[in-house]
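Structure first, then comments.
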Amino acid sequence: MIEDMATYANVIVDISHEKLDKTFQYRIPGHLQEELSIGMQVEVPFGNGGRKSTAFVVELTDTAEYDVSKLKEIIGITETGVSIESQLIALAGWMRKNYGGTMNHALKTVLPVKQKSKERKQRLVRLVISDKKAKEQLALFEKKHSTARARLLSKLMEQNPLPYEVVTQKLNVTASVVRAMEGLGILKMEEKRAYRNPLGEMKKSGRRLVLNEEQNQAVERVWKDFSKGLRQTYLMRGVTGSGKTAVYIELIEKVVGSGRQAIVLIPEIALTYQTVVRFYQRFGERISILNSKMSQGERYDQFERAKNGDLDVMIGPRSALFTPFSNLGIIIIDEEHETSYKSETLPRYHAREAAVARGKMAGASVVLGSATPSMDSFYHAKAGDYVLLSLEKRIEEKPLPQCHTIDLRQELKRGNRSILSEKLQELMAQRLRERQQIMLFLNRRGVAGFVSCRACGHVVKCPHCDVSLSQHNNGTLVCHYCGHTQAVFRTCPACGSKYIGGFKAGTQKIEEIVKNRFPNARVLRMDLDTTRSKDGYEKILSAFANHEADILIGTQMIVKGHDFPNVTLVGILAADLSLHTQDYHGPERTFQLITQAAGRAGRGRLPGEVVIQTYSPEHYAIKLAGNQDYEQFYEEEIAYRELMHYPPCGHMMTMLVASKDQMTAFISAELVAKKISQARANGKLQGLWMIGPADAAVGKVKDIYRKVLYFKHEDYQTLVQIKDVLETFIGSHREFGNVIIQFDFDPMNGF
Ligand code: ADP
Ligand code: ZN
Ligand code: ZN
């Protein structure tokens, strides 16, 4: 490695107090040059007196940033990466290397800057009567049909006290009911300092599930390896409702029992009260959660608790990966296929890859779980990099739902222009009669306006990249990868029909249509608009769970891990919306979304049915999702990726070159392209594919002009090297003075 022989080291002197971007440069003495690496703790002369101080190495370089004659020398290495800070800084170094961006960005991602949180009060509702009294009271409420009172009382008998928010939002008990019960001397309102534990006190419950054979096998496999000191990455593929969470919990309990800690990553959207409670019941006070609504200070507090040894388990979205546990034993990533694990801000890391890297550094096992693993992970599993575990059966052998695929082109031919097919309407009417619940799902992901024909299903694609073009307001069609642009069509180039255009219906429109068609049905809608308020999301879910509505209409938010036993029909209104995204993940997303959405049906006593509406019923992603045939889907999709050299069979890197000055952006991007072309003319960079420069999909943001270059190569590390070379190239050219560059590896959304 180049870094091993670097001449200078940039260090930070005090992580907890100084700003992280305050680095100091030192010369590396010859005898340390081979040994020194990022994250190590060293001794340096510091300040005016040259007092000996400890510092962490954050960067190794051959470029002196100051007058070389004034640079002091590092005295020696004090620690070689045993402290948690060292480990996290090393991880930051890994991120910086593999994804680009500055070390400062990477450090800020892994080390939260200290910030004191404001003291917050949490309101609690506490039961103040004896168990016996409570039982009598409950019987009384039930007799009088005081359902809200009964609901609150019986919950308090299970868990005492309850956070006030849980009472009003999760249990839907109003403030006046709480006051009335306080007046009766049954309960009391309390306040206490919050954010010791973000969910309030919760009792551990002795209750535990008896794992079935498949679940046990999965646990045993990981635990046996772990006990032998073997730490690997496991991919657990378990169909929806197969009990993956129970496997995680069992594994964590074993690992924690051995004195190590656990991190559980969950997509924010699935981080619901229901899920968290299952973990709390097992680990009580020794667990904490992170979520995006927390302030920096609150997050910092939780990280401090972890560092001080007050916690064994941390649950949260992507950033929970950086919890400073000093003796980490296991990292679990639930729904590992979720796109939210990829960061869209600098550094643009993928939490799955970063978890595997941290697992290696910390000596921790990594368990990835999903009903529909990402192409990437399954590819690794097939290659033997990950160990594959499978849960093939639903708990209690409940059948997977029956799927009907409806061809929307046929509906149009028959004169049905409604977004609800005849079959779906018929099944909905039947469910409403039988008082069962329905979920209607409109996939809004990636709907940047792809253009398709409603008569023949034709979709307009980029001639270079084979991804769908997006319609922009100025009447052009643009490729989000390579920037290819062309004019919009008035009629379908395939069949001449005039029914060509962008797909526009939103959830609100669908709600109207449904209410019109079924005026007596009670309808709830969940999308960005209705969940904007704090806890709006939980409110809608619990109202639906309490059967206060017959139909829930929503975006991809509703497909995540919820258990609604009374849902027996799921309608996927326009499966194509995710098929034709402006990136190569279309078929993968579509397969995942349909499978996950279908997985919501028939989780209770009654079997489920699914209606998939589409313009491309013959597409393999849709056909195979209908049959829930993951393996076959993988085979078809990997053949396509192979052909197109798309990840995981090859790798991509987009480079953004941006400037306030249009000419500078243009010239800089051209220079980069020329540099690459020259290297290729000299026989270097074999197998590299380059397109561009072109305008980025969003060509101008806040008066900054944006150009993109797009690279493809079989080998990820070659792209990393190209990134390194281009970074240095740009650093050493004056023309680039006020140019911003950014890289995105294996991009999901593009720039
Ligand atoms: P997945 O995450 O695979 O979709 P869950 O872990 O949510 O599945 O489990 C589905 C349901 O089955 C949950 O209600 C859970 O409590 C229940 N369950 C899981 N394992 C068992 C078991 N061994 N015995 C009985 N019920 C179980
Ligand atoms: Zn057509
Ligand atoms: Zn293209």
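The values are calculated or read from the model by the stated rules, or taken from the named source; none is laboratory data. This is a predicted model, so every value here is computed, not measured. Heads up, the Cβs are rebuilt from the backbone with ideal geometry, glycines too, and the neighbour counts pull from every protein chain shown. The area values use the complete protein model at the heavy-atom level, side chains included, leaving out ligands, DNA and RNA. Shrake-Rupley method; radii C 1.70, N 1.55, O 1.52, S 1.80 Å.
Computed quantities for the displayed model
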| read-out | value |
| --- | --- |
| Nitroxide proxy distance, nm - points 7 Å out along Cα→Cβ at LYS360 and LEU643 | 3.3 |
| Charge sum, other residues only, whose C-beta stays under 14 Å from PHE325's C-beta, Lys/Arg counted +1 and Asp/Glu -1 | +1 |
| Rounded if a/c under 1.5, otherwise prolate or oblate - region 368-495, Cα gyration tensor axes | oblate |
| Dipole magnitude (debye, nearest 20) for region 312-364, charges at Cβ of Lys, Arg, Asp, Glu | 260 |
| Most positive-pole-ward Cα, HIS619, GLY608, TYR634, against dipole of region 597-656 from beta carbon charges | GLY608 |
| Listed peptides 52-61, 263-272, 366-375, 637-646 by packing density, highest first (mean Cβ within 10 Å) | 366-375, 263-272, 52-61, 637-646 |
| Given charges at Cβ of Lys, Arg, Asp, Glu: region 492-558 dipole, positive-most of GLY502, VAL523, GLY554 | GLY502 |
| Global form of the chain, assessed from the alpha-carbon gyration tensor, a/c cut-off 1.5 | oblate |
| Two-site FRET efficiency, GLU670 against ARG435, from Cβ-Cβ distance with R₀ of 51 Å, rounded to 0.05 | 0.15 |
| Gained length - GLN632 relative to ASN682, 0.36 nm times residue gap less alpha-carbon distance | 13.7 nm |
| Relative contact order computed over region 638-736 (Cα-Cα under 8 Å; 6+ residues apart), in percent | 36 |
| ARG96 - accessible surface, heavy atoms, 1.4 Å probe, Å² rounded to 10 | 50 |
| ASN416 paired with ILE75, simple spin-label distance in nm, labels 7 Å along Cα-to-beta-carbon | 8.0 |
| Share, in percent, of DSSP beta bridges within the chain that are antiparallel, nearest 5 | 55 |
| Cα gyration tensor category, rounded, prolate or oblate, for region 453-517 with a/c compared to 1.5 | prolate |
| Net length gained if the chain between ASP225 and HIS31 were fully extended (0.36 nm per residue, minus Cα distance) | 66.0 nm |
| Unsatisfied cross-links (Cα-Cα over 25 Å) in the set LYS244/LYS560; LYS674/LYS723; LYS70/LYS675 | LYS70/LYS675 |
| Charge context of LEU138, other residues only, Cβ under 12 angstrom, K/R +1, D/E -1 | +4 |
| Separation of the GLN717 and GLU618 label points, Cα + 7 Å toward Cβ, nm | 4.5 |
| Dipole of the chain, positive end: most advanced residue of GLY76, HIS31, ALA429 [Cβ charges, Cα centre] | ALA429 |
| Relative packing of 286-293, 346-353, which averages over residues the other C-beta atoms within 10 Å, highest first | 346-353, 286-293 |
| Extension gain from HIS472 to MET157, taking 0.36 nm per residue of separation minus the Cα-Cα distance | 107.7 nm |
| Local electrostatic count, ARG179, Cβ distance below 15 Å [Lys/Arg +1, Asp/Glu -1] | +2 |
